[in-house]
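Structure first, commentary second.
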Amino acid sequence: MEFQIQNLTKRFGTNIIFNEINLDIQAGELIHLQGKNGSGKSTLFKMMIGDERYQSGSILSSDDVYVGALIENPHFFEYENAENNLRYLAKIRGSFETTTARELCTLFDIDLDGKTRVHHFSVGMREKMGIIQAVMENQNLVLLDEPTRGLDQDSIVKFAHLVNEIVAEGRTVIIASHDHIPGINFSRNYVVADGELKRVNS
């Protein structure tokens, strides 16, 4: 797996969000993007999955890249339960595996077979659902935007363990967050600020 961002420039009007940034991503990496609200973290993820245009530069990926993403607030069918939502999200590739989905739901204390509609889920439960859908199809490039939003301490510990397991499998995870997440040892750390992607020491 290989994914490259080359000389990427993004503007909203006259406001420069990114100015010719570069990032070379390889298999099995665990990358942290840290930045304030409005710094461009979510915008970068959206460009990486093709949901946001950019003015110049390029985003290149090898044919084997399969992206799973949780960006900003996850959206679901509000009046369907957890299973129906996850099945629908996996429908495009037809790769829904009940066993995997059940294991992930059990990890995060979500009842896959429950009748409760997502409409009644808390912020934390919705965030867990977003994490699950981003990893449940064995995606090898996982983008997680503020993934611990609304999670209690126990769930954050479980999340960190899950991320470490995924990376140990050779999959790549990129996490965008305001702060460092305990229990996760990033291989690379970047600060997103002033139109730049600056690598910093861990």
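Yes or no: residue 102 charged (D, E, K, R), part of a helix (DSSP H, G or I) and either more than 17 Å from residue 141 (Cα to Cα) or more than 16 Å from the chain's Cα centre (by Cα) (or both)?
On the way: charged (D, E, K, R): yes; part of a helix (DSSP H, G or I): yes; either more than 17 Å from residue 141 (Cα to Cα) or more than 16 Å from the chain's Cα centre (by Cα) (or both): yes.
Judged against the criteria, residue 102 is a match.
Checking residue 59 against (1) within 19 Å of residue 90 (Cα to Cα); (2) surrounded by fewer than 18 Cβ atoms within 10 Å (Cβ to Cβ); (3) among the aliphatic types (A, V, I, L, M); (4) touching a helix residue (DSSP H, G or I) at 6+ places or on another chain (Cβ under 8 Å), which single condition isn't satisfied?
It fails just one condition, (1).
Mind checking which pairs have a first residue in the range 36-51 that is farther than 13 Å from residue 17 by Cβ and modelled with pLDDT of 95 or more and a second that is of a type in the set (A, V, I, L, M, F, W, C) and outside any loop (DSSP other than H, G, I, E, B), Cβ under 6 Å, 6 or more apart or different chains?
Partner pairs satisfying both residue conditions: 49/67; 49/69.
What about residue 42, is it out of contact with any helix residue (DSSP H, G or I) (no Cβ under 7 Å at 6 or more places or on another chain) and either assigned to a helix (DSSP H, G or I) or among the basic types (Lys, Arg) (or both)?
Values: out of contact with any helix residue (DSSP H, G or I) (no Cβ under 7 Å at 6 or more places or on another chain): yes; either assigned to a helix (DSSP H, G or I) or among the basic types (Lys, Arg) (or both): yes.
So residue 42 fits the description; yes.
For the range 62-77, which positions are within 21 Å of residue 90 (Cβ to Cβ) and touching an Asp or Glu at 6+ places or on another chain (Cβ under 9 Å)? Explain how you work it out, then say what you get.
Here is the first cut: in the range 62-77, the ones within 21 Å of residue 90 (Cβ to Cβ) are 63-77.
Once the filter is applied, which keeps residues that are within 21 Å of residue 90 (Cβ to Cβ) and touching an Asp or Glu at 6+ places or on another chain (Cβ under 9 Å), the range 62-77 yields 64, 65, 66, 68, 69, 70, 71, 72, 73, 74.
Does the range 67-76 include one or more residues that are among the aromatic types (Phe, Trp, Tyr), out of contact with any Cys (no Cβ under 7 Å at 6 or more places or on another chain), assigned to a helix (DSSP H, G or I) and closer than 27 Å to residue 161 by Cα? Lay out the reasoning, then the answer.
Narrowing the range 67-76 to residues among the aromatic types (Phe, Trp, Tyr): 76.
Retained after the next criterion (residues that are out of contact with any Cys (no Cβ under 7 Å at 6 or more places or on another chain)): 76.
Right, trim to assigned to a helix (DSSP H, G or I) and you get none.
Checked against the condition, which is being among the aromatic types (Phe, Trp, Tyr), out of contact with any Cys (no Cβ under 7 Å at 6 or more places or on another chain), assigned to a helix (DSSP H, G or I) and closer than 27 Å to residue 161 by Cα, the range 67-76 yields no hits at all.
The values are calculated or read from the model by the stated rules, or taken from the named source; none is laboratory data. Keep in mind the model is a prediction, meaning the values are calculated, not measured. Cβ: placed from backbone, ideal geometry, glycine included. Neighbour counts: every protein chain shown.
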